[in-house]
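Report on the structure given below.
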Amino acid sequence: MNIIYLHGLSSSGQSNTAKKLRELLPDDNVVTPDIPVSPIEALQLLLRLAGEYRADDTQS
């Protein structure tokens with residue numbers, strides 16, 4: 001299963017939470033992108049991720 005973890009402000013895709021998710025869910029594909037500060041860039045990234053990972057195989 002694909003799990004997309006979106007971090008909060010002042011965090012990153014390499015945060016302790018992201019690492020813990022990968023550790024606790026070794027059989028799943030835990031995607032933890034670094035979300036850009038720029039709203040336009042962030043939206044472009046999120047749209048790309050939404051297209052890349054199927055909704056029926058992804059949990060939010």
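The values are calculated or read from the model by the stated rules, or taken from the named source; none is laboratory data. In this text, all values refer to a predicted model and were calculated from it rather than measured experimentally. When we count neighbours, we look across all protein chains shown, and the Cβ atoms used for this are built from the backbone with ideal geometry, even at glycine.
Taking the stretch 32-57, which residues are of a type in the set (Val, Ile, Thr) and part of a loop (DSSP other than H, G, I, E, B)?
THR32, ILE35, VAL37
Checking the structure you have, find out if any residue of the stretch 24-31 is in a helix (DSSP H, G or I) and either buried (at least 16 other Cβ atoms within 10 Å of the Cβ) or free of Cβ contacts under 8 Å to residues at least 12 places away in the same chain (or both). Lay out the reasoning, then the answer.
If we filter the stretch 24-31 for residues that are in a helix (DSSP H, G or I), which is where we start, we get 24.
After this cut, where a residue has to be either buried (at least 16 other Cβ atoms within 10 Å of the Cβ) or free of Cβ contacts under 8 Å to residues at least 12 places away in the same chain (or both) as well, the list is 24.
The answer is yes; a qualifying residue exists.
Can you name the residue in the stretch 1-17 that is more than 9 Å from THR32 (Cα to Cα) and among the hydrophobic types (A, V, I, L, M, F, W, C) and, of all such residues, is modelled with the lowest pLDDT?
Applying the filter and picking the extreme gives LEU9.
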